[in-house]
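Reviewing the structure listed below.
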Amino acid sequence: MASIIVLFELEQDEALGPEGVEPRVVAVHAAGADPDVPEDPLPRTLCLRDTSRMEHSHYSPQRPGESWYPPALAELRCRECETVLRRS
């Protein structure tokens, strides 16, 4: 896969509150980049989930060998997306 977009799956019932508290990230997914608009994800993640309700993380590895997901969210990475990435 040439380019991926890292997406956050957010807790569905959480709304942005008056204090500005953001919804909680429940999973980190990967999706292919749209060939026409490279900053946009394709409609489905690598694990085939709908990307329309996910948030763009704006994360990308800075050096070769770095993880595809933000290191602070390692426990939340989607293992299915990771398996597909390893195969590609």
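Of note:
- Bins of 10 Å, starting at 0 and running to the largest distance - Cα pair percent for region 4-87: 18, 49, 27, 5, 0
- The label-point distance for E11 and D36, in a model that sets each label 7 Å from Cα toward Cβ, rounds to 3.7 nm.
Just so you know, all these numbers are worked out from the coordinates, no wet-lab data involved. Here the structure is a predicted model, which means the values were calculated and not measured. Note that we place each Cβ from the backbone using ideal geometry, even for glycine, and neighbour counts take in every protein chain shown.
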